[in-house]
Amino acid sequence: MRLSMVLPALASAFMASAAWAQSSLEAPLGDLEIIGKPVPDGVNFQPSVTELARDIVWLDTFVLVIITVITLFVTALLAYAAYAFAEKRNPNPAKFTHNSVLEVAWTIVPILILVVIGAFSLPVLFKQQTIPEGDVIVKVTGYQWYWGYEYVDEGFGFDSFMIGAGENRLTPEVSAELQAAGYSDGEFLLATDTAVVVPVGKTVVMQVTAADVIHSWTIPSFGVKQDAVPGRLAELWFVAEQEGIYFGQCSELCGQAHAYMPITVKVVSEEAYAEWLEAARAEYAGIESAPSTIKVASN
């Protein structure tokens, strides 16, 4: 048999076995709604399903109001100056060089504005960086160009690749693989062959590092983003309040395949999570993500 006939057959068999292995793990999860994903021409935040995400959206709106007021005020001053001090209305301009009251005002007022912004933004930052005790702890390692996940307390791990990795384009074969995994063509570049699965309403702590270059793990709907730095172990946390599927992508330029390094998180009920854990232990028994060859220090 010619090699040109053997290779496609082997590839098809591999894809079929991968789809079967995935379906055996996906079965306990049932049908999940895709909630956190980018949309064409979108300008707003993705749906917020954690307290951290809602804090960020509120802070963004708060700062936007302040910026809008300042912009309108400065625009009004410019319009007034252009009108009132035009040459035909002010043929003999004043000769003064400064105004102490105005100079003090435009120094003090911006400082007060920054203090107000800081008073509301720093608590949001501190909440993100104060890591609580986790009900679920997952170590995530960034590689060029995929993610490795280890469920620290469960003794197993797995790697997560973009569906269609290697092709990096939507071919009929990739489309079929997406369909087999329960996704549509619209989730190409977002969906992965395996997903992080966490229970709804539980505190999840992600320990984030990298094995080669700097990556960044982020899920917009959770309001979390953490750089994965080789040699360091950083942490983030979230409590997802709604079951569903949420997408993210590597948010730190990490090489030529940076755009093909998505993240999939599935938030499920506690019962479905327990069933998934049982299936995952059997599927990944004795398997862990590729170990890093570097020493990892906690920051």
> Given a cut-off of 20 Å, what percent of all Cα-Cα pairs of region 79-201 lie beyond it?
Replying inline: 72 percent
> Antiparallel DSSP bridges in the chain: what percent, to the nearest 5?
Replying inline: 65 percent
> With every protein chain in place, what's the accessible area of I108 (1.4 Å probe, Å², nearest 10)?
Replying inline: 80 Å²
> Using a Förster distance of 22 Å, how high is the FRET efficiency between E241 and F62, based on the Cβ-Cβ distance and rounded to 0.05?
Replying inline: 0.50
> By its C-alpha gyration tensor, with a ≥ b ≥ c as the square roots of the eigenvalues, how is region 138-270 shaped: rounded for a/c under 1.5, else prolate for a/b larger than b/c, else oblate?
Replying inline: oblate
>> With a 10 Å cut-off between alpha carbons and a GNM built on the chain, which of T61, T50, T194 moves the most?
In response: T61
> When only DSSP loop residues count, what GluC sites (Glu not before Pro) in region 35-105 have their Cβ near at most 11 other Cβ atoms within 10 Å?
Replying inline: E87
> Which shape class, rounded, prolate or oblate, goes with the chain when its Cα gyration tensor gives a ≥ b ≥ c as root eigenvalues, a/c under 1.5 marks rounded, and past that a/b bigger than b/c marks prolate?
Replying inline: prolate
> So how much accessible area does L125 have, in Å² to the nearest 10, using a 1.4 Å probe?
Replying inline: 80 Å²
>> Using helices alone, I'd like the mean residue ellipticity at 222 nm for the chain: each DSSP H run of four-plus residues gives -39500 (n - 2.57), total over residue count, nearest 500.
In response: -13000 deg cm²/dmol
> the chain: longest stretch without exposed chymotrypsin sites (Phe, Trp or Tyr not before Pro) (DSSP loop, at most 12 other Cβ within 10 Å), sites themselves excluded?
Replying inline: 97-299
> For the chain: lysine pairs with Cα atoms under 21 Å, gap of 8 or more or different chains, count?
Replying inline: 12
>> Given a 1.4 Å probe and heavy atoms of the protein chains only, how would you sort E33, E235, largest accessible area at the top?
In response: E33, E235
>> Could you compute the longest span of the chain free of trypsin sites (Lys or Arg not before Pro) located in DSSP loops and having at most 15 other Cβ atoms within 10 Å, not counting the site residues?
In response: 203-294
> Where the only charges are on Cβ atoms (+1 Lys, Arg; -1 Asp, Glu), what is the dipole of region 126-188 about its Cα centre, to the nearest 20 debye?
Replying inline: 260 debye
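The values are calculated or read from the model by the stated rules, or taken from the named source; none is laboratory data. Being a predicted model, the structure only gives us computed values, none of them experimental. Methodologically, a virtual Cβ is constructed for each residue, glycine included, from the backbone with ideal geometry; neighbour enumeration extends over all protein chains shown. Just the protein is used for accessible areas: all its heavy atoms, side chains included, with ligands, DNA and RNA removed. Shrake-Rupley method; radii C 1.70, N 1.55, O 1.52, S 1.80 Å.
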